[in-house]
Each structure stands twice: as C-alpha cells, then as structure tokens.
Amino acid sequence: MAFWIASSPHNHNQTETSALMRLVIYALLPGILTQWYFFGWGNVIHISLAITTALFCEFIALSLRSKSNTKKLSNQIFDGSAILTAILLGICLPAVAPWWISIIGAAFAILVVKQLYGGLGNNPFNPAMAAYVMLLISFPIQMTSWLPPLTLINIDLGFANTLTTIFTGFTSDGYSVEQLKTNIDGFTMATPLDTLKTNVGQGYIISEIVQGRIFSNNSSTSLGLSLGWEWINIAFLAGGLILIAKKAIAWQSPLSFLLSLFVCSFIAYTISPDSSASTLFHWLSGGCMLGAFFILTDPVTGATSAKGRLIIGALAGLLVYLIRTFGGYPDGVAFAILLCNMAAPLVDQYTRPRTYGHDVEKVSISEAKPIKQGEVK
Amino acid sequence: MKSIIERIKQNKFWQFHGGIHPPEQKTLTSDKPIRQLPLPKQLILPLQQHIGRQGDLLVKVGDKVLKGQALTQSKNPMAVPIHAPTSGIVSAIKKSVIAHPSGLSELCIFIDVDYEDTWQPRKICQDFSKLSQQEIIKKIADSGIAGMGGAGFPTHIKVNTKPDINFLVINAAECEPYITADDLLMCEQSEAIVDGIKILDQLLNPAFILIGIEANKPRAIKALQHATKNIEKINVCVLPTKYPTGGEKQLIKILTGIEVNSGTLPIHSSIVVQNVATCFAISDAIINDIPLIKRVVTVTGQALNKPQNVWALLGTPVSHLLEQTGFSSEENTSASNLPITSSPVIMGGPLMGFSVLNELVPIVKTSNCILAPRRTEMPSAFDGNSNEVECIRCGQCSDVCPSQLLPQELQWSAKAKDHQQLIKLNLFDCIDCGACAYVCPSQIPLVQYYRVAKAEIRQQQQLDIKSEKAKVRFEARKLRLEKEKIAREEKHKKAAASRKATMNKKSSDGGTASSAVAAALARVKAKKLANNKENESSASNDEVELKEESALPSSPNEVQDEKSEVKAAIARAKAKRLAKNKVSPPAEQTTAGEIKKVETSSNNADDDKKIRIDAAVAKAKAKAKANKEHVIEDQPLTSIEDEIEVSPQAEDKKARIAAAVAKAKAKAVAKKEQAKQLKSTNKESE
C-alpha cells in the first residue's frame, strides 16, 4: 500500500491540452490544402518558416523560465500551442511575401505577445492576429501584395519559383512580384474585397463589379463570389464544424459572428442594394471563416461564459462589417478580433452566470425544463 | 406544491446544471450478494465519527464490553455515542490515525475481539407506532445514528423538527462510480428500509415521500417498488444516471425543482433528506434495539481478486477488508519518473474519496467504499497530481459544475490568494464534487486549490473574530484606566484641598497653622543666616533699599500665601537676630522697622497683599546680601536645610509637610541665586 496523501478526484477523463491543440491543427488541414490548390506553395512555405521560428523562440523563452518550474521542456514546447499560432500566421500571409516577414511575425507572436505576457494561457491578445496586425502596419507594401489565384497568373509559378520569389523577390526567370500581380491587360489585380471596395468608391454598382475575373472567372468550379477565396473559406467552415461536433470549441462565438455579419449586410442591402455586397460574399471572402471558427474561438483570449461568447461574436461581426465598408483596410477580421480580445475581460465581468442557491426568486418553477423519465435498463 | 406533485406523478423531473458521466464500473460488485466477514482481531473505534463533538468515555482500559454496549455518552446534542460492534476487552484508548483526508490522529478505543460475539440484552419493539416522537428521537440518539451517506450529520438533530414538512426525500441515488453499497442493501433489505421510512413518516409527517434512485439499479428499483406498492405516500422516482445526482442540493432540485437558498438548510425549505442506509439503521435501532455497529461497504477495484460488498463492523481496519478480498499490491518496476511505488487505496469513491494513509485506518459510520485500483484502470490515481499545465480557459469546468460556479475564475483567485474575490465568486457554494477537475484538459487539481482556499478563508475569519474581541477588550481597558486616573487625580485634589483648608484654618492666636509652621522654620533659618552674615556694611543696605524700590514691581509674582509668609518669617527672624547683634543701627533699624511692620501686619491675616509686598522686600534684601557674598554660595542652601531639619522635632505631620514644601521652594530660590551668581561671574570673567 502506498503511504501518501492525494486529493480527490482520483479519476480523470484523460483529456489533455495538447490533444486539443492537435485536433485544431487537424481541422485546419482542409483549408490549408485548398489554399495550396488555389494559390500555390507560397503559404505552405510560409507556414514551415513560421513553425521553425516559433518553436525556436518558444525554446528560448521556456529555457529562460525553466528555473522556476519542473515540467519537462519538450512537453511544453511540443504541446501544440506554438505550432498552432505559427500555422494561423502562415495562412494569413500573402503567398509571395518575403521570407523575413514570416520570421519576424512568428518571433513577435511567440516572444512578445505570448511569452512576455506570461506564457500559455496568460496572453490577452491572440498571438497570430497581433503579429499579423504588427506586420501589416509596419510593412504595408509587402503585406498587401496579394497574388491572384494561380489560374489568373500568366507566369508559371511552381514550387521552385515560389521558393525563389519568397527568398529573393524574383522568380528564376527574373519576374518580380509586381509583374506576377499584373494581368495581361496591364492592370494589377487585387483581392476581391479590395477590388470591391475601390470600385464601389469609384461609383460602380455591385452587379457590374462582380463580373470581373477576380470574382468568378466563369469557370465551372467557381461560385461566382470570389475566386479561390470562396473555396478556402468553405474548407475552413468544414473544419470548424468538425471541431464543434467534437466539442473542441464552443458554438456560440462563430454562430453569433456570422449572424451579426448577416444582419449588418442585410441592413446595408435594404438601404442601398447597389453598393452593398451580399451576405454570402462577406461570409466567403477574406479571413471570415478562419476568424470565426479558429481565432475567435481561441479559449485563452475569448470570453468564458456562454452569454459572453455571444456578445463577443456579435461585436466582432459588427466591427468586421464596419471596417470592411468604412475602414481603410480591405479586410477587418484581424482588427476586429483584437478589439474583441480587449473587450473580453469586461464582458466576462458582466456576464457571470447565476450560482445555485442565489437569487432563487428570479428563477420560477416554470422555467425549469422537464426531462424524460429515466429509462430502466 | 400542487404543480410539483403533479409533475412527479407524471415522472417529469427537473434537471440541474452540469454534471459528468464517468465510467460507472459498478459491475465489478453489483451482481454479488453482501458477504459476512469473519471477525477481525482488533477493532479501532474513533470517538468521533460524525459532525459535532465526541462523547465522554464510559469505559476504561481493561473493561470487558458486550456487543452493542455504549462506549461513550454525552448530554451535548451534537455528540453521537459509539457502541462496541462485538464483545471483547478494551485493550487501549489512545490516538490513532483516523479516516480523514488529513491523516491526523484522534482518540480511539482499541477493542481486542474475544470471538464470542455476546450481545448485551436487547428489547424488541413490537409496534413502533405506539412510541411518542420524543421516545423515537431519544432512541435514535442513543443508538448513535449519524448520516451514513458520507457527511455524518447527527440524525437525531436532523429529524428533531416540527412535523408536517413538505417533502421527505430518501437519497438512494448512489451516483459515484464503483460504489454499490446502497444498491445491494436495497435489493436485500428493502422491507427494513421501508420500515425505517415509516418511522420517519411518523416522526415528520411529510406531505410527500420521494425516493430518488438512478436508473442504473434495475433490481433495487424493482425491490423498492414492490415494498412500497401499498403505501400511497411514497413515490419511487427513477432518475437518469449522472454524477452528482446524489448531492443533497442537486437531488432536491431534480425531484422538486426547488433550489435551496445558499447558506440555508433544506429544512428551511421544509424538506428533509435521508440516505437509505440511515433509514435501515433507524429501523434496526427502533425495532430491534440494535445500535449502529455495522454497515455495508463496497470493497472494489481491479487490484482485488474478489471485489464484493461486505457487512463490515465499525472499527474494522482497512487491512482486514483488503486481506479478505484478496488485495495484491502492484510493484513499480520500470517507470522511473512516477513518484508512487505501489498501489494506492482510496476510502470512498474515485471522485470524492480520500487516499488512506496506512492500513490501520478503520471503517467508520460514513465509509461506504474501499477502492483499490490498478494503474491501467485509474492512471491518475498514481500520478500524484504532477501533470498540471497552465489553464487555457477552455471553460469545460464551468460547463459541468453542478453549483453553476466558475471554477476557472475560482482557480485564478485561489492561486493569487485573493480572498475577497473568492467570496464574491461564491467559493463556499462549492460541494467538492470533483466534476471540474475530472474534465480539466490541463489536469489542474482544482478541488485541492478550493479546499486550501476555503481553509485559509475560514482561518482568517477566526483570526478576525479574535482580533475584534481583543480590540473591544483593549478599548474597554483603556477606558477603565483613564477613568481610574481621573478618579485618582480627583482624590488627590480633594486631599490637597482638605489639607490646605486645615493648614489655613485659623488657630487661637490669630495666625494659621501653616504660618506657625513657617514661622518656626524661618526662625531656625534666620539663626543660621545671622551666624554667617555678621559683617555687613550699611552701604550695602542702602543699595539694597534702592534696589528694593526698583524690585517692587516684580513682587506681584508672589502669589502663594505660604511663600510670602515663609519669606516674611525669615525676614522677621533675621531682623531679630541682627537687632540682637547690634549691627549697623540705621539700616537695621530700617530693616527691623520694616520687619516689625511685616510682623505686625503678618499677624493680621487680612493684609495679605501687604504681607506679600513686605515679604518681597525682605526677599530682595536677603537676595542682595547673598549676592554680595560670593563665598557663601552653598551655605545658604545647606544652612536652610539644617535649620529645617532641626525644626520637625517640635511640629506635627502637617508642619513636616509644610517644611518639605518650604525646603523645596528654598532650593529653587537658591538654585536661581546660583544661576545668577554664575552668570555674574561669567560676565566678570569676560
């Protein structure tokens, strides 16, 4: 018999944080694959660079801190949180951004946003989003040189070419990033969201704008919303639904986010149908689904109670719509999420659930839900 | 009420928030009958096996006890007696490790079993319906019955309430995994349990009796339904299996929809909850006159060869139970980073039980299970809580909490020792069920943090109460001391005033007592002075006269009668002496004349002012004389002292007091003179 004192409970359902992180990474794979199909190897290379940098930075930070705790270093580094942050950042970057963008971004995300605030579980802002915003503001040209989908590029962009572009800024044939972005007519192609915004500003109406090749390309696989991006968003949506089914994330945040985007675009459509894009366009363009299912649901930076999550999701949806329509940047998901991270502690404070036995008069008997008679086995 | 009853009849129950579904593992023991064990060699009976106080000992070392004999008793209602589970001899009464998570030792009675199992005489009660309420409660109290569901609250206090309550709830849920003690008891002894319920019915007269039982006990449900089919009042309510349905507050909510207000007892909502095992013990006690001496214990776990429910006598050491069920300890061979070297043994279920510190820990009234798991069966029992990672705020803990708390926030505040925030977050509503720690992906031992925090807060509250009391005492003491000081001062003032009054009382010759004393003193003083100052010139007296006139304005400083009278008397005596020695007639005559004037006027107590003025004049004269004489610095002081010492022999106590006062005053005067002389010498040396 062992003679030590242990505290109950002695049983455990054997879930682990690292298992949770792994599940989220698996759910991201469909989206990454779709992105690779439409935009080539660029993002995959960025993801790899980011993962390497992130693990290295995590190793440095945890070694410095390991004097005080006794847990094994390898367990902590490979618990999946740093890898997840790096993957999210890699997905968000433009395909042919220079190599140092992802390295700086990953280092900032791990060292400053996560470890400086206390490590796992203590960061107030989502590291990937904070790093993305830092890069966007510091290196605007590199971060806004989005490539159009591969089908629209005239120059052949294989793996080797992508690699050289990322590391040197030019393809092996000598084409620059700018030239990659230009189509046959000589116009530089921007993302669908960007195109929509500028053209609406120039006075075109929606139905004219969406005729552009960047939106549909008249191909059989296009949904007519935003070429390439729509399928990527659908893939992320699928991954997110898998996570909800496995109870890895809470359903309140994504649902209220999408719902509030719907409400905002609906209101805008009723006011002026010719210059507001449809809800489905908003849902399936930019980083909407990625943000809804993978970033807004990050447990560390989101709200804790169910009511709180609904409020945060609604706030995020509203902010995304406002930034997309009235703001300076084409896609406002990153900014909206950071603002919601800021608001989460306050929302938590005001949405605490009622404890058993307190304020009993407010709960009437009719509120209690009946259950079926217990079945006798 | 009506709506509640209607819903119960339709089997539409309520539900509570949260709850978990751990693997039940009840099949290890649920299909075997309850086994009778052979008697152990020794029984260890802690004096306190319940919430409350321990009773007073009735036996001593060496006594022979019979089965069922009371070993302790007490008049205190919170004390529950213990009884000898079998016959034997009391071999020791000393501290031993008790069945508590802390592993502390408390006083226990050791009984060496004589294997004869002789009962003490018992009286069977044929019809308990004839007993009065008081008799039943007394019988329950004397039989040592405490809540056997795990808490151990004295039953006689719980049922000692006004009859006509709303609900009597019988807790047959047994929601914790592995435990099947109540299940088997209901299968085998359902009639006795229903007898116990009838006794409670007679005591409390509830409007409704509800037996809450989980759906995973089909045989027990059938047995109970059969035993109660003729009693309208009793409803057997089958509930879905969820942990912790068996918690008192959760069970009340499920069956009646009523939430017991935080900090109050169910009886305040007119509900009483009793465990089925307690009902069985009540029926045994009232009908068969058997006190609480044994209980059903589930001995289970995959480290045992023959896991089974057993009838265990109270006080049986855990080692005996493990032996009888074939316990084989696992040896740790290869894994080197695990701190545990052999199998743990848990008293209670996996979620609320505590690990047993050594094999001598006895079975008590609240022990319902002994669990001996294998490493593969329950790996976390072997870990020692070493896998804790940071909280990632996933929120699964608050999803499962039956008290609707926020374990995440409680954990942050508990780690930060923020007691205010913990109380605000309702830490004391936590029922220690362990559901939050069960689901936590970061494997944080949440319940451990809450237990420590609760203990710290309680300790702090005790200290605060003590310091409040100490503060009140201190304030009272301060007040008292001040009052005493003021009273003392009053007394002194009064005494001084009365002294003064007697001193100032006029004596027969027209002068006051104080003046007579002063006169005597002065005479002595003057004698000394005159002896020292025979060679004084008239010129000095003229100067003195001039000085006197200029010194007059400063005289009003002399206010006290004593001072002036003393000075006047000194002057008088001096003048007399001078006159006797016939030195410098004119000056002396003037001084004598003046002094005579002073004398005559001093006899008349009405001319105080005159006396004062004359006294001042005389004082100034004397001062001037003293200043002239550089040599005689110390002598006036000592001479005055000598003169004063001579005088007391003829005077009474009051004179002595006055003399002391005069001495002090003269000292002050002399000191002033010294200072002045020093000053003048300094000036001259410059």
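Our note on the geometry: Cα centres of region B:238-286 and region A:99-122, 52 Å apart. Shown is the FRET efficiency for B:I267 and B:E482, computed with R0 = 41 Å from the Cβ-Cβ distance and rounded to the nearest 0.05: 0.25. Counts of other chain beta carbons within 10 angstrom of each beta carbon in peptide B:398-406 average 4.
In percent, rounded to a whole number, the relative contact order of region A:215-363 is 25, using alpha-carbon pairs under 8 Å and six or more apart. Where a ≥ b ≥ c are the square roots of the eigenvalues of the C-alpha gyration tensor, would you call region B:163-296 rounded, which needs a/c under 1.5, or, failing that, prolate if a/b is larger than b/c, or oblate? Rounded shape, in that the Cα axes give a/c under 1.5.
Across region B:61-70, coupling constants 3J(HN,Hα) worked out from phi with the 6.51/-1.76/1.60 Karplus curve, θ = phi - 60°, read 4, x, 6, 8, 10, 9, 5, x, 6, 6 Hz, and Gly and Pro carry x. Inter-chain Cβ neighbour count for B:436-444, averaged per residue, equals 5 (cutoff 10 Å, partner chain atoms only). Using a Förster distance of 35 angstrom, determine the FRET efficiency expected from the C-beta separation of B:K162 and B:E191, and round it to 0.05. With a Förster radius of 35 Å, E is 0.75. Of the trypsin sites (Lys or Arg not before Pro) found in region B:194-249, the ones in coil according to DSSP and having at most 15 other Cβ atoms within 10 Å of their Cβ are B:K229, B:K233. Bridgeable lysines around B:K494 (alpha carbons under 17 Å apart, same-chain partners fewer than 8 residues away excluded): B:K483, B:K485, B:K505, B:K654. State the Cα centre-to-centre distance between region B:406-425 and region B:57-116 in whole Å. Centre-to-centre distance over Cα atoms comes out at 41 Å. Between the Cα long axis of helix A:252-271 and the first principal axis of chain A there is an angle of about 40°, rounded to the nearest 10. For chain A, just say rounded, prolate or oblate: build the C-alpha gyration tensor, square-root its eigenvalues into a ≥ b ≥ c, call rounded for a/c under 1.5, and beyond that prolate if a/b exceeds b/c, oblate if not. Oblate shape, in that a/c is at least 1.5 and b/c is the bigger or equal ratio. Rolling a 1.4 Å probe over the heavy atoms of the protein chains gives chain A an accessible area of 46 Å² per residue.
Converting phi to 3J(HN,Hα) with the Karplus coefficients 6.51, -1.76 and 1.60 and the offset θ = phi - 60°, region B:373-381 yields x, 8, 5, 5, 6, 9, x, 5, 6 Hz in sequence order, with x at every glycine or proline. For chain A, averaging the sequence separation of C-alpha pairs within contact (under 8 Å, six or more residues apart) and dividing by the residue count gives a relative contact order of 16 percent. For the chain pair A and B, the interface hides roughly 5900 square angstrom of accessible area in total, found with a 1.4 Å probe.
Projecting label points 7 angstrom from Cα along Cα→Cβ for B:S132 and A:D274 puts them 9.8 nm apart. Spatial offset of region A:127-198 relative to region B:479-495 amounts to 96 Å, using the alpha carbon center of each.
The values are calculated or read from the model by the stated rules, or taken from the named source; none is laboratory data. All values reported here derive from a predicted model rather than from experimental measurement. Ideal geometry is used to build each Cβ from the backbone, glycine not excepted, and the neighbour counts take in all protein chains shown. The accessibility values were calculated without ligands, DNA or RNA, using every heavy atom of the protein model including side chains. Shrake-Rupley method; radii C 1.70, N 1.55, O 1.52, S 1.80 Å.
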